[in-house]
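Q: Before we start, here is the structure in question, set down as structure tokens.
The values are calculated or read from the model by the stated rules, or taken from the named source; none is laboratory data. Remember, predicted model here, so these are calculated numbers, not experimental data. Note that we place each Cβ from the backbone using ideal geometry, even for glycine, and neighbour counts take in every protein chain shown. Quick note on the areas: whole protein, heavy atoms, side chains included, nothing else; ligands and nucleic acids left out. Shrake-Rupley method; radii C 1.70, N 1.55, O 1.52, S 1.80 Å.
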Amino acid sequence: MACKKKDHRWAKVATAVAFCLPCSSAIFPLFAEAADRSLSSLPTMRTQSQYMRAQKTEAAPATTTSPTPAPRPIVTTPAVPAITPTPAPVSPPPENNNRTPEERYERITAPATASAIVPPPSPPAPPKKTKPAFVRLDKGEETTENRAVLKKTYDYFPPVTEYYKPDPAYNKVRWQGQSEGNRGPRDINSMLQQQFKGSSENPSRDYLRQMVVKALSYSPEMRMSSAEVLAMEYSVDQARGQRWPQVKLGVTSPLTTVGGNTSTNNNSHISDTSGSVSVSTPIIDWGRIGSQVDNAEETAKAARFDQDHTREQLAYSTISELMNLSRYQRSRMVAKAYVDRMQELVTMLSQITQADPGRDSELVQAKAKLMSAQASMDNIEHQVSTSRIKLVRLLGIEPVVPEDISWRDTVIPASTAIASLDRSPMMMSLQAKVRAAEHEAESIRASSLPQVNWVISKSTAKDVNGNESGWYTGVNVEWNAFSGGSERAAQMSARARANAAQQQYEVSYRDLEYQINNQIQIRDSSFLRADDYDRLSSETDRVRQMFYDQWYHLGKRTLLDVLTAENDHFNNQLSAINNRYDGYISNINVISSASMLLNWVGINGNSARE
């Protein structure tokens, strides 16, 4: 029975094979032929270096094309399928773990696939392109040089040796007064065009000098900065004191002793009071104390430069606010004349309407302009009061600006202002902070090495025999062998702060350069606009006089024309005053950004410190 079942099973298998054999004899050759054609179409395998060398030496593509091979006939007789060989995997080039962070960028030329390595046959010569951009490697292509490795590399934070130069592009983009008409670049005729000097015979300089001296003597910011400088100087003395022998004195007064033989230990009663003295002198510290002294000195220099910068900012705030007060006083004079003029017209029209009630509408128009003039006057009075409040905060007294003071003075050229940026207290303070951080890193590195001290000690405490110990002298070696990486982290943190200070130096340099060029543009254009508005004001003054005569005597103009001409003349006068004082303040801003303002007013308080 079992034999019959086995024979029946083999019969089923033989039947299935008989049915599948004709189909397989036709299908398998099809797959074999397709695989053979795909392999034959591939070019000869070349390495990446061979491919790049062939691209350089490859000539222009030939005009004649090779004949296309005839397709091979499909063979149906073989029953054995052709096995497609698996191409060998392309191994990436060996990674160099010693590359710098700049070399971790890769130029993208083609996708990282087999087609990029094995090009199609006879490719056309690629056109010459510009240098492609550098992009950062993907996560899958990053090297093993990760953030932890970079943190342990001292070259990741190189010493600061780069200095910056002015950008000449600013000279090409500043407006020089040219317009669409026939006029070319115009000169600034509002202020004297002569070589900038720190001294001048302008009477306003004496007044400004007095005000700046009062501000510097009154300012609490100056007292605060002086205290910070004094603290940093004491820090220098503190660091230098570590070089001297460190003497320590101690007294021990026992009260009682619990346990043991209290009658013979000579340390159980207050009468057993003893003293000790210890003298420790550093012998070998690997430059630790010297680096700490240098760090303290650079920090003190930075504090002094910050103090000079505070003086410059305080002088600029005082002078600019005095100019603003003078601006508002001039504007108030113009506004008062405008209010008086409107009041005169209202009074005149009030008398006219009493005799001719039909002209009451003109009186309403005149009253509206009068209220507008009074509102402008109130706004200017508010600005005068606000400026005086600011000056009381700066000077501590109520300021008095002469009415006839002249602010015309020499303008500072852009080249002179930008050339002095390296001597700016703010820039020199940042340089000192960079050096201080470098010295701090060196101090931390030296403190991780063995410290050798010469020690002398003496104690009057008695032993069990009632004898005192003698003087001891010897060499003491201390070494913090393992700290869990905290010392290395502190050292790299100091170097990172130095690198950040250097970046801040560049940011501040670029910001000051932009600020100087921007303020020079504002200054020059403000003076040019002030000249335009002065000429326009003289013309509108004639227009308002003619309109008034034509309205009052000839009746060819309406009152609205007269009021509009009066308002235009008032606005042009205010625009001329505002633009002129904007130019004055911008010129002071340029001088202050170049840290030359104290020297400009005649106060020698911004001398460069090494």
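Q: Of the residues 499, 572, 579, 567, which single one is out of contact with any His (no Cβ under 7 Å at 6 or more places or on another chain) and either assigned to a loop (DSSP other than H, G, I, E, B) or closer than 25 Å to residue 316 by Cβ (or both)?
A: It is 579.
Q: Another question, if that's okay. So if I check each of 478, 513, 487, which one is charged (D, E, K, R) and within 13 Å of the chain's Cα centre (by Cα)?
A: So the residue among 478, 513, 487 that is charged (D, E, K, R) and within 13 Å of the chain's Cα centre (by Cα) is 513.
Q: Scan segment 365-397 residue by residue and report those that are over 24 Å from residue 563 (Cβ atoms) and among the β-branched types (Val, Ile, Thr).
A: The answer is 384, 386, 389, 392, 397.
Q: Taking segment 397-422 as the region of interest, how many residues are out of contact with any Ser or Thr (no Cβ under 8 Å at 6 or more places or on another chain), small (Gly, Ala, Ser) and surrounded by fewer than 13 Cβ atoms within 10 Å (Cβ to Cβ)?
A: So the count comes out to 2.
Q: With respect to residue 580, is the statement that it is open to solvent by 20 Å² or more (accessible area, probe 1.4 Å), under 35 Å from the mean Cα position of the chain (by Cα) and in contact (Cβ under 8 Å) with a residue 12 or more places away in the chain true?
A: Details: open to solvent by 20 Å² or more (accessible area, probe 1.4 Å): yes; under 35 Å from the mean Cα position of the chain (by Cα): yes; in contact (Cβ under 8 Å) with a residue 12 or more places away in the chain: yes.
Yes, satisfied.
Q: Can you tell me which residues in segment 229-252 are part of a helix (DSSP H, G or I) and either among the β-branched types (Val, Ile, Thr) or open to solvent by 100 Å² or more (accessible area, probe 1.4 Å) (or both)?
A: Residues satisfying the conditions are 229, 234, 236, 238, 240, 243.
Q: Residue by residue through segment 537-568, note down the ones that are crowded, with 19+ Cβ neighbours inside 10 Å and under 55 Å from the mean Cα position of the chain (by Cα).
A: 537, 540, 544, 562, 563, 565, 566 - these are the residues of segment 537-568 that are crowded, with 19+ Cβ neighbours inside 10 Å and under 55 Å from the mean Cα position of the chain (by Cα).
Q: Filter segment 470-483 down to residues that are open to solvent by 60 Å² or more (accessible area, probe 1.4 Å) and assigned to a loop (DSSP other than H, G, I, E, B) and give me whichever is nearest to residue 271 (Cα to Cα). Steps first, please.
A: Step one: of segment 470-483, the residues open to solvent by 60 Å² or more (accessible area, probe 1.4 Å) are 471-473, 475, 477-482.
Subsequent filtering for residues that are assigned to a loop (DSSP other than H, G, I, E, B) retains 471, 479-482.
Details: 471: 22, 479: 39, 480: 39, 481: 42, 482: 43 Å.
Looking at residues that are open to solvent by 60 Å² or more (accessible area, probe 1.4 Å) and assigned to a loop (DSSP other than H, G, I, E, B), I get 471.
Q: Quickly run through segment 450-467 and pick out the residues that are of a type in the set (Ser, Thr, Tyr) and either closer than 21 Å to residue 491 by Cα or in a loop (DSSP other than H, G, I, E, B) (or both).
A: 460
Q: Among (1) under 24 Å from residue 327 (Cβ atoms); (2) touching a Leu at 6+ places or on another chain (Cβ under 8 Å); (3) open to solvent by less than 50 Å² (accessible area, probe 1.4 Å); (4) in a helix (DSSP H, G or I), there is one condition residue 341 misses while meeting the rest; what is its number?
A: Of the numbered conditions (1) under 24 Å from residue 327 (Cβ atoms); (2) touching a Leu at 6+ places or on another chain (Cβ under 8 Å); (3) open to solvent by less than 50 Å² (accessible area, probe 1.4 Å); (4) in a helix (DSSP H, G or I), the odd one out for residue 341 is (2).
Q: Still on this structure, please answer the following. Looking at 518, 465, 499, can you tell me which residue is under 30 Å from residue 422 (Cβ atoms), without any contact (Cβ under 8 Å) to a residue 24 or more places away in the chain and of a type in the set (S, T, N, Q)?
A: Details: 465 fails: under 30 Å from residue 422 (Cβ atoms); 499 fails: without any contact (Cβ under 8 Å) to a residue 24 or more places away in the chain.
Criteria check complete, one pass: 518.
Q: Here's a follow-up. Quick one: count up the residues across segment 549-571 that are closer than 16 Å to residue 346 by Cβ and in contact with a Lys or Arg (Cβ under 8 Å, 6 or more places away or on another chain).
A: 5
Q: Could you tell me whether residue 530 is part of a helix (DSSP H, G or I), open to solvent by less than 10 Å² (accessible area, probe 1.4 Å), touching an Asp or Glu at 6+ places or on another chain (Cβ under 6 Å) and not β-branched (Val, Ile, Thr)?
A: So residue 530 fails the test.
Q: Let me ask something else about it. Within segment 484-514, can you find the residues that are under 22 Å from residue 295 (Cβ atoms) and open to solvent by 80 Å² or more (accessible area, probe 1.4 Å)?
A: 488, 497, 503, 504
Q: (1) acidic (Asp, Glu); (2) touching a strand residue (DSSP E or B) at 6+ places or on another chain (Cβ under 9 Å); (3) at pLDDT 90 or above: which one isn't true of residue 272, the others all being true?
A: (3)
Q: Kindly provide the set of residues from segment 423-449 that are open to solvent by less than 40 Å² (accessible area, probe 1.4 Å) and not in a helix (DSSP H, G or I), ordered by number.
A: Within segment 423-449, 424, 448 qualify.
Q: Give me the pairs: first residue in segment 470-482 and aliphatic (A, V, I, L, M), second residue not in a loop (DSSP other than H, G, I, E, B), beta-carbon distance under 7 Å, and six or more apart or on different chains, which are they?
A: 475/452; 475/454; 477/452
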